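To start, the structure itself, in structure tokens.
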Amino acid sequence: MPDHLHMLVSFPPEGSMSKTVADWKRWLAVRAGVGWQEGFFDHRLRVEESFEEKAHYLRTNPVRAGLVNDGEVWPYLWDEDGL
């Protein structure tokens, strides 16, 4: 999306999600000149939610926004194959 980011990631139980996200945003800000708002919103998958359901939602988000006709061709998609 042009003004925000969606991603599905996992963190080790002993790690700090907030610190990891802050470090990544800092790195990307320096490397690519990305300006970030402070903080972030997380949504942890619950028992009744599936990874596939959320992945589908993320892939169709650019379609709902009218940016592409097919979420699979969104140029900023990166999946487990690195595509």
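Just so it is clear, none of the values below were taken in a lab; they were calculated from the coordinates. Predicted, not measured: the structure shown is a model, and the values here were computed from it. Methodologically, a virtual Cβ is constructed for each residue, glycine included, from the backbone with ideal geometry; neighbour enumeration extends over all protein chains shown.
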Quiz item: Got at least one residue in segment 1-11 being over 12 Å from the mean Cα position of the chain (by Cα) and among the β-branched types (V, I, T)?
Solution: no
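I'd like the residue in segment 1-27 that is loosely packed, with under 11 Cβ neighbours inside 10 Å and not charged (D, E, K, R) and, out of all such residues, is farthest from F51 (Cα to Cα). So that I can check it myself, show each step before the final result.
Within segment 1-27, the first condition is being loosely packed, with under 11 Cβ neighbours inside 10 Å, and the residues that meet it are 2-4, 7, 9-10, 12-15, 19.
Restricting the remaining residues to those that are not charged (D, E, K, R) gives 2, 4, 7, 9-10, 12-13, 15.
Details: P2: 24, H4: 20, M7: 11, V9: 10, S10: 11, P12: 17, P13: 18, G15: 21 Å.
If we take residues in segment 1-27 being loosely packed, with under 11 Cβ neighbours inside 10 Å and not charged (D, E, K, R), then P2 is farthest from F51 (Cα to Cα).
Within segment 1-29, take every residue that is of a type in the set (S, T, Y) and assigned to a loop (DSSP other than H, G, I, E, B) and give me the one that is farthest from W74 (Cα to Cα).
Taking segment 1-29 first, the residues of a type in the set (S, T, Y) are 10, 16, 18, 20.
Still in the list and also assigned to a loop (DSSP other than H, G, I, E, B): 10, 16.
Numbers: S10: 22, S16: 30 Å.
The qualifying residue farthest from W74 (Cα to Cα) is S16.
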Quiz item: Out of M7, M17, which single residue is more than 23 Å from P62 (Cα to Cα) and in contact (Cβ under 8 Å) with a residue 12 or more places away in the chain?
Solution: M17
Exercise. Out of R31, R44, R59, report the one residue that is within 14 Å of L8 (Cβ to Cβ) and exposed (fewer than 10 other Cβ atoms within 10 Å of the Cβ).
Key: R44
Practice problem: For segment 30-83, name all the residues that are under 28 Å from K19 (Cβ atoms), of a type in the set (A, V, I, L, M), more than 14 Å from the chain's Cα centre (by Cα) and part of a helix (DSSP H, G or I). | Solution: V30, A32
Exercise. Check segment 60-81 and report whether any residue there is in contact with a Phe, Trp or Tyr (Cβ under 7 Å, 6 or more places away or on another chain) and charged (D, E, K, R).
Key: no
